[in-house]
Each structure stands twice: as C-alpha cells, then as structure tokens.
Amino acid sequence: MFNLTHLLRGSFSHGIHPPENKHFTEAKPIERLPFPAQLVLPLSMHAGKPSVPLVRKGQEVVRGEPIARADGFVSVPLHAPATGVISDIRLMPSARGPRVMSMILDVYPGDPQEILYGAPVDVEAMSPKEIVQAVQDTGLVGLGGAAFPTHVKLTVPGGCSIDTVLINGCECEPFLTTDHRLMVEQAADLVKGTRILMKVLGASRAIIGTETNKMDAVAAIQKVLQPNDTVSVKAVPTKYPQGAEKMLAMALTGREIPSGSFPSSVGLGVFNVATTAQMGQLMPMRRGVIERVVTVTGPGVQRPGNYIVPIGTPIRWLLKRCGFEGPAGHLIMGGPMMGGTVSSLDTPITKGCGGLLVLSEHQLTSEEQMKRYPCISCGACVDACPMHLNPCELGRLAYKGQYEPMAETYHLNDCFECGSCSYVCPAAIPLVQYFRIAKSSNRERVAKAS
Ligand code: SF4
Ligand code: SF4
C-alpha cells in the first residue's frame with residue numbers, strides 16, 4: 001500500500017464544490033462496444049482548417065487507413081475508424097448546429113476490424129522535429145474537448161523554453177470519469193506519452209496532476225514510475241475548476257500564467273490525460289486516432305458507463321445502447337458546468353467528445369427558471385470566480401448591452417466560462433450565457449473594424 005499523503009499539493013483561491021456525481025461511472029471499467037452500422041466523420045472535428053479527403057465515394061477503406069489529409073500546419077489527417085465503404089461525402093449536421101462536410105462510412109458487418117495500418121518505430125531515436133511531424137500524422141488533437149491539434153502545441157514560440165510538462169488529470173467537471181478510468185487502466189500508456197512530450201519539448205520533469213477524489217489513479221500511476229523518476233504524480237484538493245490550465249499550473253508549480261499568455265510563457269506545456277495516453281499508444285506504432293473513451297452518464301440512462309467507441313459513432317446509437325431513447329433536449333455534451341446542448345442526436349462522437357450527460361425530466365431547466373431575476377448584490381459570484389473577476393458587474397453591463405467596457409475595464413476576456421458564478425447565483429441569473437454573448441459581440445466588432 002502506498003503512503004499518498006506526500007503527493008498532495010496546494011490549490012487555488014475561490015472556486016466551488018458542486019456535487020461530484022461521479023458514482024454513476026467512476027468504478028466502471030472501460031468497455032468496448034460493438035461497431036455501429038454507419039459512422040459519420042466530419043472533416044472539421046478539430047480546430048484549424050478541415051481535412052481534405054483522400055478517398056472518393058464508393059471506395060473501400062481499411063480500419064486505420066488515412067482517409068483525409070491535413071490541410072496545412074494547423075490541421076490534422078483523419079483515419080478510417082472501421083473497415084467498410086465510403087458511401088457518401090456530403091454536408092451533415094454538427095453537434096453545435098451548422099452543417100459540415102462529412103464522410104459517411106458504412107461499416108462491413110462481421111468484419112474482424114483488425115487494425116492493419118501502422119508499423120513499430122523507435123520514438124526514442126526520432127528527433128523532436130520528426131516527432132512533431134509524426135504527432136500530426138496521428139491526427140491527434142486535444143481530447144479533453146478543445147480539439148486543438150497537438151503537434152501545434154509542441155511547437156514552442158520563439159523566446160520560450162519548457163522545463164516542465166503538466167498532464168491534466170483533474171477532470172473536475174461533475175459526472176465525467178473518462179480521464180479517471182484512463183489513468184487507472186492505461187497508466188503505462190499515459191507515462192509513455194508523457195515521456196514523449198518531455199523529449200520533444202526538452203522538459204526535464206513532468207507532473208501528472210489529479211484530484212484527491214481519484215487516489216486509485218495516483219496509485220496506478222505510481223506503480224509504473226521508476227524510483228527518482230523525472231515523471232511524478234500529484235493530487236490536489238478536489239475543487240471546481242481545478243482542471244483549468246491556470247488553476248492547475250498555480251496548484252502544481254506555483255507559477256501564474258499571465259493574462260492573455262500561453263503556459264509556455266512560464267516554462268510549462270500542459271496536456272490532457274486522454275491526449276497523452278493516446279500519444280503513448282499510437283506513436284510507437286505510427287497509428288492514427290480512430291476511437292476514444294466516452295463517459296455516458298446521468299440519471300437519464302439505464303446503463304451508464306465508460307465506453308470505447310469508433311470516432312464517428314452516432315450519438316443516438318450510443319445512447320440507445322445505454323438505455324436512453326428520449327429527445328435531444330435531455331442531453332449535454334460534456335459536463336454540466338461547461339458542456340453544451342446538441343442540435344441533434346444524429347450527430348457523431350468526434351475526437352473532442354469525452355462525455356454525454358443525460359438528465360432526467362425534473363432536472364431540465366425550464367424557461368420560467370431561466371427567467372432573469374434582479375441581482376441582489378450578494379457577492380456570491382465574486383467569491384466564486386477563480387479568475388477574481390467581478391461577474392456581478394459584468395452581468396449588469398451585459399444586461400445593458402455595454403459590451404466594450406466589459407472587456408476593457410472588467411477583463412471579460414480573462415473569463416474562461418467555467419460557470420462557477422452562474423452556479424452560485426441565488427437569483428439564477430444566467431451570467432455565463434451573458435458573457436458568451438458579450439464576447440462573441442466584441443469579436444464581431446473587432447473583426448469588422450480590422
Ligand atoms: S464564468 Fe467567468 S466570470 Fe464566471 S466564475 Fe467563471 S471565469 Fe469567473
Ligand atoms: S451571485 Fe447573482 S445575485 Fe449575487 S451578486 Fe452575483 S449576480 Fe448578483
């Protein structure tokens with residue numbers, strides 16, 4: 001048995017403690033589901049330029065085969081998640097609403113679905129430049145939700161150097177347990193991926209950071225580390241939003257990432273657990289991202305769990321396997337604090353989607369509940385904001401449509417939309433929704449002026 005008390009670290013000021021609700025799935029091992037009959041593969045499931053098809057309608061593809069190439073540096077390729085035939089390439093609805101060009105892959109029923117692509121390589125013998133190219137070739141993006149191409153994050157801006165890699169395993173969003181299970185079950189891949197990141201960034205140490213409600217993950221990672229390892233694992237107190245980059249950096253290293261700056265400005269490279277574990281799995285075989293783990297959870301599903309599914313799996317198909325056949329209005333993609341609704345259940349699981357939360361009827365917010373009540377100036381939102389902003393004043397300005405001073409005087413752009421202020425507001429003012437609208441309006445104004 002490990003003595004884990006020396007692995008505990010500090011935290012950050014403010015923040016909140018919403019009910020964790022991890023009990024639905026935290027103890028459920030990752031389970032592989034059978035393949036659906038059809039996959040939908042958007043060419044733009046990552047930040048940056050969409051991928052460009054390498055195959056045409058009617059063409060057979062083999063599981064793992066590259067089927068679309070990257071279009072420039074800020075873009076990634078796409079690999080066939082299953083063996084089958086490309087039955088169409090057409091516009092399809094996306095989870096957020098707009099239709100995007102997508103490949104439709106009809107999966108061959110009864111196929112053993114072996115991965116025939118890829119060959120072993122010695123990553124240790126590769127130069128950092130070769131590794132960056134190889135990471136782009138895997139199609140790896142931030143699997144924690146941002147879906148930003150990972151190889152771009154490995155290209156450190158001039159004048160910066162990275163001494164410490166931070167692996168973010170906090171998973172502070174209530175309900176979600178994908179990263180937790182990956183740390184427990186794929187600790188060796190996670191550490192392998194961490195060492196690749198250290199090599200390419202020239203970092204001398206790495207810290208895998210998690211929260212105190214996942215001490216089994218700390219123990220699993222400890223088991224694969226060497227004595228005096230340059231990789232360590234630390235648990236910080238469970239608090240929301242501990243998994244935000246700035247909060248994690250402060251808690252684990254005491255370094256403050258300045259407003260408007262990247263972690264590299266203070267010598268840090270920050271990566272998500274799921275991304276790093278995939279890197280450890282894929283890179284030594286030069287394979288591409290074709291599947292991911294998704295937590296399907298909440299009181300609205302009969303069989304909650306952590307499921308591994310091919311990229312492109314239709315959400316409707318996955319929810320049906322878990323015992324939910326209700327309307328899309330019950331579903332949140334991601335966690336309850338920062339996740340969003342989906343336009344249709346016929347949209348697919350993309351690389352950045354790690355969780356589906358299904359609420360029961362009585363948990364849905366009615367229009368009446370969302371009605372704005374006057375602010376009672378209680379200050380609860382100010383005490384909750386981890387960025388030390390003044391959500392109360394920001395809310396007042398947003399209500400009046402005064403978006404410019406929100407950014408210039410009240411630092412709206414430092415708000416990362418964690419939702420803590422909305423959560424604690426006794427007047428049920430939808431503050432974070434106001435802030436999203438204000439930011440989007442300011443962006444449009446700046447774009448028109450330039
Ligand atoms: S949503 Fe923005 S303003 Fe509200 S608590 Fe989070 S960072 Fe602060
Ligand atoms: S928590 Fe709500 S009611 Fe209280 S000060 Fe903030 S906006 Fe006003």
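For the condition over 23 Å from Ser87 (Cβ atoms) and either of a type in the set (Phe, Trp, Tyr) or more than 18 Å from the chain's Cα centre (by Cα) (or both), what is the one hit in Ser344, Ser360? After ruling out the rest, the residue left standing is Ser360. Of all residues in segment 375-390, those being outside any helix (DSSP H, G or I) and near ligand 1 (Cβ under 10 Å from one of its atoms) number 6. Only residues that are under 20 Å from Val446 (Cα atoms), touching a helix residue (DSSP H, G or I) at 6+ places or on another chain (Cβ under 8 Å) and of a type in the set (Gly, Ala, Ser) were counted in segment 379-428, giving 2. For Ser94, the criteria (1) modelled with pLDDT of 95 or more; (2) under 21 Å from the mean Cα position of the chain (by Cα); (3) not assigned by TED's automatic domain parsing to the domain that holds Val152 hold in every case but one, which is (1). Within segment 72-93, the set of residues being crowded, with 16+ Cβ neighbours inside 10 Å and part of a loop (DSSP other than H, G, I, E, B) comprises Ser75, Val76, Pro77, Ala80, Pro81, Ala82, Thr83.
Scanning segment 155-188 for residues that are at pLDDT 95 or above and of a type in the set (Gly, Ala, Ser), we see that the one that is nearest to Leu356 (Cα to Cα) is Gly169. Output the residues belonging to segment 311-333 that are in a loop (DSSP other than H, G, I, E, B) and surrounded by 16 or more Cβ atoms within 10 Å (Cβ to Cβ). Once the filter is applied, which keeps residues that are in a loop (DSSP other than H, G, I, E, B) and surrounded by 16 or more Cβ atoms within 10 Å (Cβ to Cβ), segment 311-333 yields Ile311, Gly312, Thr313, Cys322, Phe324. Residues in segment 120-168 that are under 23 Å from Leu182 (Cβ atoms) and in contact with a His (Cβ under 8 Å, 6 or more places away or on another chain): Val135, Gln136, Gly139, Leu140, Val141, Ala147, Phe148, Pro149. A count restricted to segment 94-110 and to residues that are at negative phi, touching a residue at least 24 places away in the same chain (Cβ under 8 Å) and part of a loop (DSSP other than H, G, I, E, B) stands at 5.
For segment 413-423, a residue qualifies if it is within 16 Å of ligand 2 (Cβ to nearest atom) and in contact with a Pro (Cβ under 9 Å, 6 or more places away or on another chain), and the qualifying residues are Cys415, Cys418, Gly419, Ser420, Cys421, Ser422, Tyr423. Applying the set (1) touching a His at 6+ places or on another chain (Cβ under 8 Å); (2) at pLDDT 95 or above to His14 leaves exactly one unmet item: (2). Within segment 142-176, track down each residue that is charged (D, E, K, R) and touching a helix residue (DSSP H, G or I) at 6+ places or on another chain (Cβ under 6 Å). The one that is charged (D, E, K, R) and touching a helix residue (DSSP H, G or I) at 6+ places or on another chain (Cβ under 6 Å): Glu171.
The single condition from (1) of a type outside the set (Lys, Arg); (2) out of contact with any Cys (no Cβ under 9 Å at 6 or more places or on another chain); (3) farther than 19 Å from Gln242 by Cβ that Cys392 fails is (2). Listed by first and then second residue, the pairs linking a residue in segment 374-392 that is outside the structural domain of Met250 (by TED's automatic domain parsing) to a residue that is among the basic types (Lys, Arg) and at pLDDT below 95, with Cβ atoms under 7 Å apart and 6 or more places separating them unless they lie on different chains, are Cys375/Arg396. Counting only residues that are surrounded by 18 or more Cβ atoms within 10 Å (Cβ to Cβ) and free of Cβ contacts under 8 Å to residues at least 60 places away in the same chain, segment 155-170 holds 0 of them.
The values are calculated or read from the model by the stated rules, or taken from the named source; none is laboratory data. Predicted model only: the values in this text are computed from it and were never measured. No Cβ is skipped: glycine too gets one built from the backbone with ideal geometry, and neighbour counts run over all protein chains shown.
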